[in-house]
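The values are calculated or read from the model by the stated rules, or taken from the named source; none is laboratory data. Keep in mind the model is a prediction, meaning the values are calculated, not measured. Ideal geometry is used to build each Cβ from the backbone, glycine not excepted, and the neighbour counts take in all protein chains shown. Accessible surface areas use protein heavy atoms only, side chains included; no ligands, DNA or RNA. Shrake-Rupley method; radii C 1.70, N 1.55, O 1.52, S 1.80 Å.
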Amino acid sequence: MTFTRRHGLIALLVLAVAGALAGGYAWWQHNFVRAEEWVDLPRTGEARRNPLYVLKLALIGDGVKAQARPRLQLDSIALGPRDTVLLYNDPRTISDKEEAALLDWVERGGHLLLRTPPPGPLDVELPLPVMSAFGVHPRSDRLCAGLDVAGEDPHVEFCRGRRLDVDNLEATASLHWGEPEIGYVFARIPHGRGHVDVLSDFDFLDNDSLKDGPHIALTRQLLDPNYRAGTVHLIYEAQMPSFWMTLVREHWRVWLPLLLALMAWLWRRSQRFGPLLASPAVERRSLLEHVTASGEHVYRYGYAHLLHEAARKAFLARLRRRDPQAAALDGDAQASMLAERFGLSQNDVRDALSTPIARDHAAFRSRIALLMRMRNSL
């Protein structure tokens, strides 16, 4: 095989490409290092809708029976005498029937944990479920409370929740956290053989906060009365949020650009709203309109006597059926009898039965109208 100049050029090109690839690989290896990185994936399933999902898993891992559900469902789920119920959301969603059932259950040994109503409008005159029964009154103040745990960094809690007051605190609450001047963030109230705990907020219990050591220690102390003695019921959503309010508040980044795009399209097309020309007249098939048009056509071309004759014949035909004696007469005798029958003058009846003069529009209209009136009166 003969080695030509073309073969040499191809060989040089191949060597150049191979050299470029080798140089690029060496540069990549020199400037980049293989490393692993953990990336948090979006939450799915129960972890996405349940803010107490981590707490549920932690309790189960510690040998505690735990259930999480959005509502109390006291009609279908019976509470044991040593169970614990934690209501994560606004306590104002508790009905009167549920309040009575919860108080009876706490008296038998249950442990109920509530929070004060979240910040927002609050009618202080209305009684709050469970809380009002023990003289607990939420304040409008929102002040942080320090939390120090050995071996952990200092923490502050309850910064977003309402503080509370308790009537006759020393005789009512067995444990409390706070000061009388600024209100309390926690109160444990004995009731029968059970306890009711009222806190300013449960923000330290959600999935993102429970990883901190102080939050874990505080949670363990709160659940201590019936810990491992019964089932812990985590009620994370006592009232479902409105779909439309969620759409407006949380997903405005989607619907707002779409709304602006729709308004821009409407503005662009607004000049074409509605027809530019009047709609063409549609075909009319009304029999009465055809008869009227035919009569106007005949009258316009000087054949009014034919129209009068048709109206006269229609009157006489009905007269023969209803009053044969009058129909058999003629001339003045007939006009006299008809005038007496209809309460008209003899001249008017005689004119109506006689053919009008051509182009006498007033006479034609009056005679036709009188013939129709007499015909309808028969």
For this session: Would you point out which residue out of Leu21, Leu55, Leu59, Leu41 is touching a residue at least 60 places away in the same chain (Cβ under 8 Å) and either farther than 30 Å from Asp197 by Cα or in contact with a helix residue (DSSP H, G or I) (Cβ under 8 Å, 6 or more places away or on another chain) (or both)?
Result: Leu55
Exercise. Which condition number in (1) surrounded by fewer than 13 Cβ atoms within 10 Å (Cβ to Cβ); (2) at pLDDT 90 or above is the one that Ala35 fails?
Worked result: (2)
Seminar exercise, completed: Just one listed residue, out of Ala339, Ala333, Ala363, Ala352, is exposed (fewer than 15 other Cβ atoms within 10 Å of the Cβ), hydrophobic (A, V, I, L, M, F, W, C) and either without any contact (Cβ under 8 Å) to a residue 24 or more places away in the chain or on the phi < 0 side of the Ramachandran plot (or both), and it is Ala333
Exercise. Is it fair to say Ala173 is open to solvent by less than 50 Å² (accessible area, probe 1.4 Å) and in contact (Cβ under 8 Å) with a residue 40 or more places away in the chain?
Worked result: no
Seminar exercise, completed: Picking from Val248, Val196, the residue that is open to solvent by 40 Å² or more (accessible area, probe 1.4 Å) and β-branched (Val, Ile, Thr) would be Val248
Exercise. Any idea how many residues of the range 168-198 are under 42 Å from the mean Cα position of the chain (by Cα) and closer than 16 Å to Leu128 by Cβ?
Worked result: 8
Exercise. Restricting the range 199-217 to residues that are open to solvent by less than 20 Å² (accessible area, probe 1.4 Å) and either without any contact (Cβ under 8 Å) to a residue 40 or more places away in the chain or touching a His at 6+ places or on another chain (Cβ under 6 Å) (or both), which is nearest to Ser132 (Cα to Cα)?
Worked result: Phe204
For this session: Can you run down the residue pairs with Cβ atoms below 6 Å, 6 or more apart or on separate chains, where the first is in the range 136-152 and open to solvent by 40 Å² or more (accessible area, probe 1.4 Å) and the partner is part of a loop (DSSP other than H, G, I, E, B) and at pLDDT 85 or above?
Result: Arg139/Arg162; Arg139/Arg163; Asp141/Arg163; Leu143/Ile182; Cys144/Cys159; Asp148/Pro154
Exercise. So which of Arg69, Arg48 ends up being closer than 23 Å to Phe202 by Cα and in contact (Cβ under 8 Å) with a residue 40 or more places away in the chain?
Worked result: Arg69
Exercise. Only one of (1) in contact with a Gly (Cβ under 9 Å, 6 or more places away or on another chain); (2) surrounded by 13 or more Cβ atoms within 10 Å (Cβ to Cβ) fails for Tyr88. Which number is that?
Worked result: (1)
Exercise. Quick one: is Glu107 open to solvent by 50 Å² or more (accessible area, probe 1.4 Å) and of a type in the set (D, E, K, R)?
Worked result: yes
Exercise. Any chance the range 254-271 includes a residue that's within 44 Å of the chain's Cα centre (by Cα), among the charged types (D, E, K, R) and either part of a helix (DSSP H, G or I) or under 30 Å from Ser377 (Cα atoms) (or both)?
Worked result: yes
Seminar exercise, completed: With the first residue restricted to the range 96-110 and required to be touching a residue at least 12 places away in the same chain (Cβ under 8 Å) and closer than 17 Å to Pro225 by Cα, and the second required to be among the charged types (D, E, K, R) and open to solvent by less than 50 Å² (accessible area, probe 1.4 Å), Cβ contacts under 6 Å at 6 or more apart or on different chains are Gly110/Asp83
For this session: Please give the number of the condition His195 fails out of (1) free of Cβ contacts under 8 Å to residues at least 60 places away in the same chain; (2) not in a loop (DSSP other than H, G, I, E, B).
Result: (1)
